[in-house]
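Written below as structure tokens is the structure these notes are about.
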Amino acid sequence: MPFDYNLAIIGAGSAGLTAARFATRLGKRVALIEANRVGGDCTWTGCVPSKALLHAARVAHTIRTGGTLGVRAGEPEVDFPAVMRRIRNVIEEIYAAESPDALRAEGIGVIEGRARFEDAHTVAVGDRSISAKYFLICTGASPFVPPIPGLSETPYLTYENFWRLESLPQRLIVIGGGPIGCELAQACQRLGSSVTLVEALDRILPNDEPEAARTVAEALRRDGVDLRFGAPVESVRSGEEGGITVSAGGEDVEGDGLLVAVGRRANVDGIGLEKAGIEHSRAGITVDDYLRTSVKNIYAAGDCVGGFQFTHYAGYQGAMAVRNMLLPGRSRARPEHPPWATFTDPEVAHSGYTEKQAREQFGGNVRVSTLPMESVDRAVTDDADEGFIKVVSRDNGTVLGATVVGRNAAEALQGWAIAGQHGLKMGDVARAMQAYPSLGTGNQQVAWDAYVDGLTRGFMGRLLRWLAR
Ligand SMILES: Cc1cc2nc3c(=O)[nH]c(=O)nc-3n(C[C@H](O)[C@H](O)[C@H](O)COP(=O)(O)OP(=O)(O)OC[C@H]3O[C@@H](n4cnc5c(N)ncnc54)[C@H](O)[C@@H]3O)c2cc1C
């Protein structure tokens, strides 16, 4: 072979890891180049630590509110350094399966260092030159820090350095009401901080159904989070004794910690994209529907492409990029309606079309079926009856999308994600028996109501009633 490797992958996060494992199993010689820590954002600064933090926060909340169940414990004592130690242990546990040694044992050529293109078939890593027939760029994203006056002179946190905190700020200001801002705001509030969240829009979670966002906003407020909507940040300044003032929407918010959570930006700099002739913009590396860049032998996947930025989406794209470059034929790899979840309490999990998207695309041929969690027995037994299941379907019953708001909503979404992605109908979901009591039976309930409703309308309804007379 005229190259060192069949495939060299730049970046060992979700996209790069999935791609490396798949290509190796296809018998290819694979290099996986990582500048920082194998595992990427998800393992080190994203999903894993945030979910471990939220778990500790939920335990604190359960202790605090257990009296309503007849289990009184009082105000919990939160040992924040111990919470952070456990988070680091959780990360290490998950990292063990993807450490360079573990990957080398799987046959992947892990190379530690920053890669930079020299031409379309070569990258430099330190003083090494590595050539490959194909390249896959999986360089991820970084926190977007907006140009707010005063911010660069003020100490602030992002999701990257948050995990190095040794103590929780007493008063934390969070800028941004997206998933990261909401999750960390609720976690910090429940662990003892007084949190103010400022958001330029008039709502949080802008990509979710409005009623889902309202439910989470109510829950955050009940926990004590001060939510300020319609409050674009005008300036930030730090005072003498560590105090921070954020001016937003014409009002000043005082705090002693500041978290900037206004989005993430694709990593396109410092990779030598220009040298290889790879087109890109600030939004990400330009790819076609099959993840191929403007250079024939180079693909890109995951957060660095822009658009949806989720671990499962990045992993899926990593696998699909390998499929498209190495196997005959090709498959589209940029699904427009993937599932996602925000892990606040209650969680918001969504898959497929929102109601607005469905109406825009299918006009009047759309039905909406909703069931409040108060009608789902498991939610009631678990004192978690806040939320709902909302399903959007076509008139013929085909599932278009669903939102589940409630405890463990992301697990309950599974059924809808499968139904939507495989073109199933409400009747299929209604007839698939689930174990009681679970949120799965709630899914079945909403599907059954919609199914029977469809069956008993119009001529078919009259016919069925006649047959059953
Ligand atoms: C706080 C937070 C919570 C999140 N929670 C969730 C969640 O609950 N569920 C979910 O699905 N998603 C979540 N995400 C998003 C998820 O973490 C990302 O979508 C996912 O990590 C993207 O994977 P990736 O492989 O594209 O990039 P990354 O995981 O970022 O990996 C990119 C890798 O490339 C390396 N790299 C960059 N440049 C070079 C170079 N030149 N040479 C070599 N290596 C390089 C980087 O060091 C990095 O390791 C969360 C994100 C954050 C920040």
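The values are calculated or read from the model by the stated rules, or taken from the named source; none is laboratory data. Just so we're clear, the structure is a prediction, and the values are computed from it rather than from any experiment. Note that we place each Cβ from the backbone using ideal geometry, even for glycine, and neighbour counts take in every protein chain shown. Protein only, heavy atoms only, side chains kept; ligands, DNA and RNA dropped before computing areas. Shrake-Rupley method; radii C 1.70, N 1.55, O 1.52, S 1.80 Å.
Here are the numbers:
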| quantity | calculated |
| --- | --- |
| Per principal axis, descending, Cα span of the stretch 7-100 in whole Å | 60, 24, 16 |
| Once the Cα gyration tensor of the stretch 331-469 is diagonalised, semi-axes √(5λ) in Å | 25, 21, 12 |
| Table column - 3J(HN,Hα) (Hz), the stretch 281-288, Karplus curve with 6.51, -1.76, 1.60, x for Gly and Pro | 9, 4, 6, x, 6, 6, 9, 8 |
| Rg over Rh [alpha-carbon atoms, Kirkwood Rh] for the stretch 396-436 | 0.97 |
| Within the accessible area of the stretch 1-158 (1.4 Å probe), percent carbon and sulfur | 52 |
| Mean shadow area of the chain, taken as a quarter of the surface of its Cα convex hull (nm²) | 27.1 |
| Whole-number accessible area per residue in Å² for the stretch 253-304, which is evaluated in the context of all protein chains at 1.4 Å | 39 |
| Among L413, V399, A384 the positive-end extreme of the charge dipole of the stretch 340-420 (Cβ point charges) | V399 |
| Descending principal axes extents, the stretch 60-114, alpha-carbon based, whole Å | 56, 21, 15 |
| Convex hull volume of the stretch 182-249 per residue (C-alpha atoms, cubic angstrom) | 84 |
| Anisotropy class of the stretch 57-214 from Cα gyration tensor, a/c 1.5 cut | prolate |
| The stretch 1-49 - Debye-derived log10 I(q)/I(0), Cα point model, q = 0.14, 0.16, 0.28 Å⁻¹ | -0.37, -0.46, -0.98 |
| If the convex hull is drawn through the Cα atoms of the stretch 424-469, its volume per residue in Å³ | 77 |
| Amide H contacts of S294 (H built 1.01 Å from N, under 5 Å, at least 5 apart or other chain) | E279 |
| Inter-centroid distance (Cα atoms) of the stretch 34-53 relative to the stretch 374-444, Å | 30 |
| Axial C-alpha extent at least 18 Å, average Kyte-Doolittle at least -0.5 - helices from the chain (DSSP) | 47-65, 80-95, 311-326, 439-455 |
| Burial order of peptide ranges 317-327, 356-366, 280-290, 67-77 (average beta-carbon count within 10 Å, highest first) | 317-327, 280-290, 356-366, 67-77 |
| Estimated [θ] at 222 nm from DSSP helical runs (n ≥ 4, -39500 (n - 2.57)) normalised by residues in the chain, nearest 500 | -10500 deg cm²/dmol |
| Positive-end residue, the stretch 1-64 charge dipole about Cα centroid, Cβ charges, pick of A19, I9, L53 | L53 |
| Residue-normalised accessible area of the stretch 1-140, expressed per residue, 1.4 Å probe, Å² | 48 |
| Relative counts (whole %) of C-alpha pair distances in the stretch 262-321, using bins that are 5 Å wide | 4, 20, 31, 26, 15, 4, 1 |
| Unit charges at the beta carbon, dipole of the stretch 273-361: most positive-side option, I278, T311, Q361 | I278 |
| Point-to-point label distance, T381-S142, nm (Cα→Cβ direction, 7 Å offset) | 5.0 |
| Förster radius 45 Å - calculated FRET efficiency between R431 and E77 (Cβ-Cβ, nearest 0.05) | 0.35 |
| Scattering curve values for the stretch 132-202, log₁₀ I(q)/I(0), Debye with Cα scatterers, q = 0.21, 0.22, 0.24 Å⁻¹ | -1.03, -1.12, -1.29 |
| Share of carbon and sulfur in the accessible heavy-atom surface of the stretch 242-375 [1.4 Å probe, %] | 48 |
| Amide H contacts of A141 (H built 1.01 Å from N, under 5 Å, at least 5 apart or other chain) | N267 |
| Other-chain or far-sequence residues with amide H under 5 Å of L136's (modelled H) | A8, I9, I10, Y299 |
| By average C-beta atoms within 10 angstrom, highest first, the peptides 234-241, 425-432, 302-309 | 302-309, 425-432, 234-241 |
| Spin-label model distance (nm) - A102 vs A283, 7 Å beyond Cα toward Cβ | 3.6 |
